[in-house]
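**Q** Just passing along the structure, written as structure tokens.
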Amino acid sequence: MATTTSVLNTTNFTVDANGKLKVGGITSGLDTEAIINGLMQARRQPAVNIETKITTNTTKISALTEFNTKVANVTTALNALRGNPGNSANVFDSKKISGTVSAVSGTPSDIDSLLIATVDSTAQNMSHTIKIEKLAAAQQIRSDAYTSTNTALSTLGVTPGDFTVGGKTITISSTDTLLDLRSKINNAGAGVTASIVSADANTHYLVLTSSKTGTANALDFSAGGALTDQLGLTANGGADIKNELVEASNAEISVDGISGIVRSSNEINDVIPGVTLSLLKAEPGTTINLKVEPDLSSIKTVIGNLVTAYNEVRAYMTEQRTAADRNDDGTVGDNEYGALAYDQILRDIVSQLGEMAAATVEGAPDGYSSLSQIGIVMKSDYTLSIDETILDSKLLTNVEGIKDLFTFKSSVSDSRITVLNRGSDSNGTNALVITGTDASGNVTGATWNGVAMTVSGKTLTAEDGTKIFFNGGPNLGTVSGLSVTMSSGLADRFYGYFDEISRASTGTIATQISDLQLQNTDFKDRVDVIDARLAVYRVSLEAKYTAMEVALAKLKTLEDTIKSYTDSLNSGN
């Protein structure tokens, strides 16, 4: 009888990266890897559904971020045009200054060589005449000549010791050179700059220059006169300057016919409120004519910015609501609209833009009560365009009318009242009552339309955010019958809405973005949990199918053994 050996076929056995045995499906005839992958795919479908939501949210976050930038541009333009008290961005407070020159005789210098004039929002719109009689100068002196810059001064006739300049003590040691002395003076913080000028190889001077112009800033050697005399800086024990190169002097100008205006600096900002004069050259016979006026160019630019921002929001809305091949499959499907096509925020903002474009302002001058009247018209596609000719004419003719169209306005019944900030519900005439002031003039109590105000010194704040400054004086009793009337132009009326929508971290759009980001974080955590469970599930499936294949292989081997045995029996007969 023939002898057979049971052998397990290991051709389809493999070991994975983790050292675990895996068996292919040749023994069973099944594609076990495909079966496992199919089961895994079915089990992972919930994760796929969540990942689709993550993708949708991510697309919407991107769209909202882009949209918020466009809406914020509208907010920025409205803020510059709304004219709220204390708002530094108010373009209607922007000023420009221009000038011409004239001379009694001869040809005057160009204005740019005489002075530079700058202006801020506090300057009044008016003209001024300037004459520059004299420039301020910083005192400059020199020492006696020395033959070397790097030889000890003690060998050149200078006795080591101390002297004082600008209130700072300078010590000259026995080894100090002219270079060392220069460094010590510059490092002392004495308001003096020291330098060395070399006339030739054997002639060197220490030059001292005051860091400030004006006679009050002349160099002051208050001690050590004998030493400064030796250096050749002073004479008579430090009482006199020996070698003066430039005399300290003050600037002298006349403004609007007022002469004898003296300042220690050539930078003068306290003569004409809001105007800074940088004097460059004295020319007594020349009159400089300066004119301060509204900066119409800046106003027009901001109006243009508003129109551009408006149109960009409109265009984005149109793009979001237009079907397009957004999944790059070569076709336009029924649902291939933008991520914000059906978003309520988009609809609300577009509605507000439409209201703003068509709104009118009561109390504005004739011809200045709407955007269309100043040359900003709506086209057939609902975007805005500017008629430059009309807008330029309106700006030149009546810039205050343009201001009335856009800005917040207020009037008070008493000159002691100043409006610092408007509130959310302050339009119309508001009744103010001061219940008293203390010995310092601070308000002790006040009401706004019958409701108590928060008092801090002379500043009063109403519940709606309106802020009033009352400078009434000390020891007042009740002051009644006061009123503050406020009204809103287009920019002021719509600014609050757009600001609330587009605020960087707390706005409506930013909050929606934050909510979607938090939702995505939660979704990703859920996907991670599913994938972790699936990893365990795959290991379990692989173990089961491996065990099945091993068992089938053993059965196959047994079958082959039995068949061989029976074959041998049959052949023996």
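Computed from the coordinates by the stated procedures, all read-outs in this text should not be read as laboratory data. Bear in mind the structure is a predicted one, so any value in this text is a computation, not a measurement. Cβ sites come from the backbone with ideal geometry, for glycine too, and all protein chains shown count toward neighbours.
**Q** For a protection proxy built on the mean count of beta-carbon atoms within 10 angstrom, sort 250-258, 527-535 highest first, please.
**A** 250-258, 527-535
**Q** If you average the C-alpha positions of the stretch 544-573 and of the stretch 38-69 separately, how far apart do those two centres end up, in angstrom?
**A** If you average the Cα positions of each part, the centres end up 53 Å apart.
**Q** Which of Arg493, Arg347 has the fewest other C-beta atoms within 10 Å, and how do the rest follow up to the most?
**A** By the 10 Å Cβ count, ascending, the order reads Arg347, Arg493.
**Q** Count charges around Asn430 for me, please; just the other residues with Cβ under 14 Å from its Cβ, Lys/Arg as +1, Asp/Glu as -1.
**A** Net local charge, Asn430 excluded: -1.
**Q** Quick one, could you list the DSSP H helices from the chain stretching 20 Å or more along their long axis (Cα atoms) with average Kyte-Doolittle hydropathy of -1.0 or above?
**A** Length and hydropathy pass: 45-81, 296-320, 344-358, 508-572.
**Q** Any idea what the dipole of the stretch 140-246 comes to, in debye rounded to 20, about its Cα centre with Lys/Arg Cβ at +1 and Asp/Glu Cβ at -1?
**A** With Lys and Arg at +1 and Asp and Glu at -1, about 240 debye.
**Q** Tell me which of Ile501, Asn471, Pro294 sits at the most positive position along the dipole axis of the chain, charges placed on C-beta atoms (Lys, Arg +1; Asp, Glu -1).
**A** Final value for the positive-end residue is Ile501.
**Q** Rounded if a/c is under 1.5, else prolate if a/b is larger than b/c, else oblate: which is the stretch 188-244, with a ≥ b ≥ c the root eigenvalues of its Cα gyration tensor? All intermediate terms of the calculation are to be shown ahead of the outcome.
**A** Numbers: a/c = 1.98, a/b = 1.20, b/c = 1.64.
Note, shape of the stretch 188-244 comes out oblate.
**Q** Sort the stretch 335-430 into rounded, prolate or oblate with this rule: let a ≥ b ≥ c be the square roots of the eigenvalues of the Cα gyration tensor; rounded if a/c is under 1.5, and if a/c is not under 1.5, prolate when a/b is larger than b/c, oblate otherwise. Please report the intermediate quantities before stating the final value.
**A** Numbers: a/c = 3.45, a/b = 1.43, b/c = 2.42.
Verdict is oblate for the stretch 335-430.
**Q** Separate question: Between the stretch 194-268 and the stretch 453-481, what is the separation of their alpha carbon centroids in Å?
**A** 53 Å
**Q** Now for a different question. By the gyration tensor of its Cα atoms, with a ≥ b ≥ c the square roots of the eigenvalues, what is the shape of the chain: rounded for a/c under 1.5, prolate for a/b over b/c, or oblate? Write down the numbers at each step before the final one.
**A** Working: a/c = 3.12, a/b = 1.63, b/c = 1.91.
Because a/c hits 1.5 or more and a/b fails to exceed b/c, the chain counts as oblate.
**Q** Report the local net charge at Val246: Lys and Arg +1, Asp and Glu -1, summed over other residues whose C-beta lies under 15 Å from its C-beta.
**A** Here the charged neighbours net out to +2.
**Q** I've got another one for you. Kindly rank 422-432, 515-525, 437-447 from highest to lowest mean number of other beta carbons found within 10 Å of each residue.
**A** Numbers: 422-432: 17.0, 515-525: 13.7, 437-447: 15.5.
Averaged packing, sorted descending, gives the order 422-432, 437-447, 515-525.
**Q** So, one more: Under a straight-distance cross-link criterion of Cα-Cα below 21 Å, which lysines are reachable from Lys409, leaving out those fewer than 8 residues away in the same chain?
**A** By straight Cα distance, Lys409 reaches Lys95, Lys300, Lys394, Lys467.
**Q** Magnitude of the Cβ-charge dipole of the chain, K/R +1 and D/E -1, about the Cα centre, nearest 20 debye?
**A** Dipole about the Cα centre, nearest 20: 960 debye.
**Q** Through the Karplus equation 6.51 cos²θ - 1.76 cosθ + 1.60, θ set to phi - 60°, convert the phi angles of the stretch 154-159 into ³J(HN,Hα) values in whole Hz; use x for Gly and Pro.
**A** 5, 8, 10, x, 9, 7
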